[in-house]
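Coordinate-derived values only; no laboratory data. Owing to the predicted nature of the structure, the values given are computational and were not obtained by experimental measurement. Here Cβ is always computed from backbone atoms with ideal geometry, including for glycine, and neighbour counts include all displayed protein chains.
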Amino acid sequence: MELEKKRTTPSTPALAQKRAAAYRLGTIVLIALAVLTAIEFAVGRSGTAIVALLIIGLFKAGLILQYYMHISLLWSDEGGHG
Amino acid sequence: MSTIASTMADYRHQLRNNRLGLWLFFISEAFLFGGLFVSRFYLWGNTRPELDQTLGLTITSILLLSSFFMNRAEMAIAHDDRRTFLNSLLITAALGILFLIGVVGFEWRGHIRPWDGAFGAVLFGMTGMHALHVLSGVIFILIVWNNGRKGHYSSERHWGVEACAIYWHYVDVIWVFFYPALYLMGTVVR
Amino acid sequence: MRILLSLGLVRGLIAQAAGTAFGMALTMAIRVLLGLPAWNAEPVMVAGALVGVISFLVGVGAFTDWFKWVKGEETPMRHGPPEGRPAWTRYLSVDYSHKVIGVQYVVTGIALMLVAGLLAWIFRTELTQPGLQFLDAPTFNTMISAHGIVMIAAILLGVSGMMNYLVPLMIGASDMAFPRLNALGYWVNVPGAILVVAAMFVGGWNTGWTGYPPLSVQSPLGTPLFLLGVYFVGLSSILGAINIIVTILRMRTPGMTLFRMPIFVWASLAASIIQLTGTQLIGLSFLMVVVERVLGMGFFNPNLSPEAIALGSPPGNVLLFQHLFWFYSHPAVYIFVLPGLGIISELLPVFARKPLFGYRWVALSSMAIALVGFLVWAHHMFTAGMDPGLRVPMMYSTLLVAVPTGVKFFSWVATVWQGKLSFPTPMLFVLGAISVFLLGGLSGPPNGTVTTDLFLHDTYWIVGHFHATMFGGFVFPFFAAIYYWFPKVTGRKYNETLGKLHFWLMTPAFWVQTLAQMDVGLKGMRRRIVDYDPALGIETGHLLITIAGFVIGLSILVMLYNLVRSARTGEVAEANPWRSRSPEWQIPSPVPEHSYARPFVVVGDPYDYGLPGSTYIQFAPSGASE
């Protein structure tokens, strides 16, 4: 409860800091996704490794589910974004 | 699916219900797309048609980039940055439309047509069903953008934005699996 | 007249007619612009049907609140009957109360059941004698196909109706989690059902309810309408399932842990999981047939055009359809029967005045049936020419379903054992359900075993087996539930004599019907065939089936007369006529608009009948006592 109260009236520098951190996380995930896609493309061009491509796909999907779709919010009681 | 509840407690309760409901919808849709994915392997086996690899990589990158901007928009409204929120939404929608142009305008104008055996059926079935979802996502984004422009969302109350964002990411996740299934897996038949 | 035009249903029907015409005209205009001949029945009608369904939903008002959200307007929840109009009008318009929607579902379900039953009367009369009497083969084929799929839609509606009305009441929720979605989920059935019925009049279709290609790709014009109609009924299943699952997981009253939920709620959860996931695959398989018909996309066509051969494309495969179709359509029978079996477990303790035997096992057996049910689909395809390696695993998984089902049977028998039984109409239907479902269950393993199924496949034996499972698992418990909760819904008593007459007409007739069906099947009668060889010696059997079918139909008319008359002029019911422990019986009948004036907490187990001093629920104390 205390935490929530803090979130409703945040001090501006703290908010700016959290915001910057959120943007940074988004960028890092994008870079990771781009690298994985590049690997995927290379693997796909070099042969017919269906299993390897599936595993890379699962990693990419996992990144998106965790960091972009916040799947963990389903299990949290808290309303907003951590 | 959101509702404008009278108190914050009501809102949070409804928010948790909404979130679960939307994820259940994703699970349901996963079976639809999963059915198409399995059909691809059932009919194509270890083969695939020759497709424009540059185009495939380009539209895949566009969609990933759009997910980045969608996330940025959601993070922006969650942290009271209205300007970034609205701009990022517009960029996301633009990238989504670019993706649709890539699929409908270029991929669908290639040498394979829908009635060309299992190659045509599966290629158009998978990209068509996915493109339909991208289109609905773009419309969703534009609705959210319009409401955001009128100041309807706050850092505390933005379920509409969140729903739109995770729906968009979900459509991206589907493409994460569809792209290799169509473009990279199996040996090319010439 | 003004009231008539204010009804959502009427507006929806007008909008559907107009939308269909508009969709057809638009498609023809586009075709002309593309340089094609304006009229091509198939694509024009498919597009018209799609636009028509959406128009219905707009016209009925299912989207009105969402359109407001799109514009950013507030939409406060509205409760109670519409202002300035009679209360009955809310049943024919969009209404967000789960109790209204539950009644809408049940009434629509029974109406569809009557349509399908009427079809059965007609084609059963034809089958009384060998040879063709008054139906030609295409009409017969359309009728049996429509009988199957309309009954399935009716059952889905009945299941949704029971779940909608009962689940929120049983768990102490004020309503469903998403009332607007709930209303949309009901109303999308109506244009869907209209499409299926309309399909009979634009050429019909001859594929049976399963719609297997390649026949369904070549069959008459009714086929795509039937496929699309079923698609929309399936959409309703998915939306309803989302609602039920969220309601059960998130809106239980304090103290109601998972293992204190009523068995019916467990069964609803299990059935909803199947609806949520499996339904997409029948939708996908039907959509594939539609696009193969309209656009020529060869998912199932084994022949390749010269261009496709030049591309090196593999051919389509008809078995793909069967895999996708049965992945839903076998678990679908568990959607039909799990809530019904839940009703049996729900009512037996009340009428035996004893705790339900093995509560946890019964609760988990529903889940087990739902999960194992996903691994058995290919037992429908033993003779279809699929990979033979799938046969034996699918046989074993199929037989495995008997284990959790057996758990339920043992629980029922042990619950009745040494109980203080009373036999009002609902209890009679529960016992009838158990007897009929036992017959359906015992006739199942021979079909699931590869060796015997090679002989039994596509015979009337299967028809007998399937009708026994559907009557035992759905129809009997559904009627039990209708009689049992009738005083709760209407506040009035039904006529007990007519109720018993219904039971004693229907049960023996059904036994005769299903045993005769199995018998003529074993003697060589094939299913879905208009004619048979008199040399098989099955004429008496067919006569018995037909007579029994007419008796069953008449008994259901007795029920309808009873229900309609009792709802108007019946004796006012006491608050808790069955001495039930369930919370919905502790409040006035009919249930008030906001069900529970005071919230309740769960302090004990639901089925501890006859145990002195046990309590299930306690209402929160309040100044205004009742």
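Numbers for the structure displayed
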item	result
Prolate/oblate/rounded call for region B:80-190, Cα gyration tensor, a/c under 1.5 rounded	prolate
Two-site FRET efficiency, C:Val294 against B:Leu100, from Cβ-Cβ distance with R₀ of 22 Å, rounded to 0.05	0.50
Theoretical gain in end-to-end length, C:Ile309 to C:Gln133 [0.36 nm per residue, Cα-Cα removed]	58.6 nm
Positive minus negative residues near C:Ala384 (Lys, Arg vs Asp, Glu; Cβ under 15 Å)	-2
Computed [θ] at 222 nm, deg cm²/dmol, the protein assembly as shown (DSSP H ≥ 4; -39,500 (n - 2.57); rounded to nearest 500)	-22500 deg cm²/dmol
Cα coordinate range in chain C, projected on the principal axes (Å, largest first)	81, 63, 46
Alpha-carbon spread of the protein assembly as shown, three principal axes, descending order, Å	77, 74, 58
Backbone HN-Hα couplings from phi across region B:101-107 [Karplus 6.51/-1.76/1.60, Hz, Gly and Pro as x]	4, x, 6, 6, x, 10, 4
Helical segments meeting 24 Å axial Cα length and Kyte-Doolittle 1.6 threshold in chain C (DSSP H)	C:41-60, C:222-250, C:263-295, C:425-442
Euclidean distance between Cα centres, region C:390-411 to region C:442-482, Å	14
Separation in nanometres of the label points that stand 7 Å from Cα toward Cβ, at C:Val403 and A:Ala38	5.1
Spin-label pair C:Phe22/C:Ser614, simplified geometry with 7 Å Cα→Cβ offset, distance in nm	5.9
Compactness relative to 2.2 N^0.38 Å, alpha carbon Rg of region C:357-490	1.21
C:Phe600 long-range amide H proximity, modeled H, under 5 Å	C:Ala620
Cα-projected label distance for A:Val51 with B:Thr7, points at 7 Å along beta-carbon direction, nm	5.7
For region C:70-135 and region C:331-369, distance of Cα centres in Å	27
Solution diffusion estimate, µm²/s, Stokes-Einstein, region A:13-75, Kirkwood Rh from C-alpha pairs, 4 °C, viscosity 1.567 mPa s	97
Relative contact order (percent, whole number), region B:8-185, Cα cutoff 8 Å, 6+ residue spacing	32
Computed E for A:Gln66/C:Leu5 - FRET, C-beta separation, R0 60 angstrom, nearest 0.05	0.70
Length gained when the stretch C:Phe423-C:Thr64 is fully extended (0.36 nm per residue, less Cα-Cα span)	124.5 nm
Sparsely packed chymotrypsin sites (Phe, Trp or Tyr not before Pro) within region C:81-156, loop by DSSP, other Cβ within 10 Å at most 14	C:Phe134
³J(HN,Hα), Karplus 6.51/-1.76/1.60, whole Hz, each residue of region A:42-56, x for Gly, Pro	5, 4, x, 6, 7, x, 10, 8, 5, 5, 4, 5, 5, 5, 4
For C:Arg492, distant residues with modelled amide H under 5 Å away	C:Ala573
For B:Thr47, residues with placed amide H under 5 Å, excluding near neighbours	B:Thr187
Estimated FRET transfer efficiency when R0 is 22 angstrom, pair A:Leu15-A:Ser76 (beta carbons, to 0.05)	0.60
Rh by Kirkwood over Cα pairs, then Stokes-Einstein D for region B:8-185 at 0.890 mPa s and 25 °C, µm²/s	142
Sequence ranges C:220-226, B:117-123, ranked by mean other-Cβ count within 10 angstrom, highest first	B:117-123, C:220-226
Mean separation of Cα contacts under 8 Å (6+ apart) over length of chain C, as relative contact order %	13
Rounded Å value of the spacing that divides the Cα centres of region B:23-40 and region B:92-155	17
Relative contact order of region C:117-242, pairs being alpha-carbon contacts under 8 Å that are 6 or more residues apart, as %	30
